[in-house]
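A.B. asks: I am attaching a structure below and will ask some questions about it afterwards.
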Amino acid sequence: MERWPIGVFASVDAGLGVHLDVAQELGIPSVQVHAPHKETRTPQTAEEFLKKCADAGIMITCVFSGFEGESYADIATTARTVGLVPEETRAARLQEMKEISDFAKLLGCDAIGLHIGFVPEDTEGASYRGLLDTARDLLDHSAGNGQNVHLETGQETAEHLLAFISDVGRDNLFINFDPANMILYGTGDPIEALKQVGHLVRSVHCKDATWAPEGQRGVAWGAEVPLGEGDVGMETYLRTLADLGYTGPLTIEREIAHDRERQKADIGTAVELLTSLRDRVLG
Ligand code: MG
């Protein structure tokens, strides 16, 4: 695989990502995919999707979970509904995560990703302890499928995420770094965070955002914007990834699924930006 192949977040069916045709039309050689709904998570779906990817010369680099009942409406709702943290749905979602791991194996993919949720601050509490057990259970299942698990960044500070990963204590737990999320959630400067967690980063999102106003950070969302128009600093981001020795895909995420036309246009512009920056940074 070439260094830093461009990628895009896509969907197998009606998920959060773009349709595979968009990747194909834009000549994007890799995708992360949002796992399909339970009903379509079948060997037949996997086989058909794999064939489409093979015909288009597209490689699947990571399969991301998503669960019924999750809402990113605002930060408080996200904390209450997303990932494996909410205790009412934890057991059922763990089971579903294992099924997604099995589906990813059918796609021949060696990495699954997720927003685990807002990891509790109280590391002595029952919720945190339970989350450690849940994570270990998932990691052991994924290891059986030959897979790593990538935690999406943003909901924790870099320090808290590192401490959690260390407490879980499994060697197939890594990070999908999303610089825009650090800004959107107000959890820290993305470049400083990347330097801190870089040794565990195995996949990345290329997404941009502007900070919420002072005093609102961590309470109100920042704003997701087209790549290169936000506060991440794309060239600095790529230079930092180069310094860390990261060679994996640069997966574009543009989370405006309500406006598919604009989403596709913005992704096209992002491909051009990343391609020119990649040439400049890698020389
Ligand atoms: Mg992301």
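The values are calculated or read from the model by the stated rules, or taken from the named source; none is laboratory data. Since the model is a prediction, treat every value here as computed from it, not as a measurement. Glycine also receives a Cβ, built like all others from the backbone with ideal geometry; neighbour counts cover every protein chain displayed. Note: accessible area is taken over every heavy atom of the protein model, side chains too, but ligands, DNA and RNA are not part of it. Shrake-Rupley method; radii C 1.70, N 1.55, O 1.52, S 1.80 Å.
A.B. asks: Highest first, please rank the peptides 165-171, 59-65, 263-269 by the mean number of other Cβ atoms sitting within 10 Å of their residues.
C.D. replies: Sorting 165-171, 59-65, 263-269 by mean packing, highest first, produces 59-65, 263-269, 165-171.
A.B. asks: With every protein chain kept in place and ligands, DNA and RNA left out, what is the accessible area per residue of the chain? Probe 1.4 Å, answer in Å². All intermediate terms of the calculation are to be shown ahead of the outcome.
C.D. replies: Working: 12010 Å² over 283 residues.
Result: 42 Å² of accessible area for each residue.
A.B. asks: Follow-up. Using a 7 Å offset from the Cα along the Cα-to-Cβ direction at both D122 and E192, what is the distance between the two label points in nm, to one decimal?
C.D. replies: 2.8 nm
A.B. asks: All other residues with a Cβ under 14 Å from the Cβ of V85 taken together, and with Lys, Arg as +1 and Asp, Glu as -1, what is their net charge?
C.D. replies: Surrounding charge for V85 is -4.
A.B. asks: Right, next: Rounded to the nearest percent, how much of the accessible area of the chain (1.4 Å probe, protein heavy atoms only) is carbon and sulfur?
C.D. replies: On the way: 5970 of 12010 Å².
In the chain, the share of accessible area belonging to carbon and sulfur is 50 percent.
A.B. asks: Also, quick follow-up: Just going by the charge dipole of the stretch 6-282, with Lys and Arg at +1 and Asp and Glu at -1 on Cβ, which of V201, G108, G154 is farthest out on the positive end?
C.D. replies: Projecting each Cα onto the dipole axis, the largest value belongs to G108.
A.B. asks: Rounded to the nearest 20 debye, what is the charge dipole size of the chain about its Cα centre when +1 sits on each Lys and Arg Cβ and -1 on each Asp and Glu Cβ?
C.D. replies: On the way: 24 positive and 45 negative charges, 113 e Å.
So the magnitude is around 540 debye.
A.B. asks: Assigning unit charges at the beta carbon (Lys, Arg +1; Asp, Glu -1) and nothing else, what dipole magnitude in debye, to the nearest 20, does the stretch 234-283 show about its Cα centre? Can you show the working numbers first?
C.D. replies: Working: 7 positive and 9 negative charges, 16 e Å.
Result for the stretch 234-283 is approximately 80 debye, rounded to the nearest 20.
A.B. asks: Same structure again: Rounded to the nearest angstrom and ordered from largest down, what semi-axes does the equivalent ellipsoid of the chain get from its C-alpha gyration tensor (root of 5λ)? Don't jump to the answer; show the numbers that get you there.
C.D. replies: Values: eigenvalues 133, 113, 65 Å².
Whole-Å semi-axes of the equivalent ellipsoid: 26, 24, 18.
A.B. asks: So what J values fall out for the stretch 84-101 if you push phi through Karplus, 6.51 cos²θ - 1.76 cosθ + 1.60 with θ = phi - 60°, rounded to Hz, Gly and Pro as x?
C.D. replies: 8, 6, x, 6, 5, 9, 4, 5, 5, 6, 4, 4, 5, 4, 5, 5, 5, 4
A.B. asks: Here is a further query. Using amide H atoms built 1.01 Å from N in the peptide plane, name the residues 5+ places from V204, or on other chains, whose amide H lies under 5 Å from its own.
C.D. replies: Amide H to amide H, under 5 Å and 5 or more residues apart or across chains, V204 pairs with F177, T251.
A.B. asks: Please name whichever of P213, A265, T187 sits farthest to the positive end of the charge dipole of the chain, dipole taken about the Cα centre and charges placed at Cβ: Lys and Arg +1, Asp and Glu -1.
C.D. replies: The listed residue farthest towards the positive side: A265.
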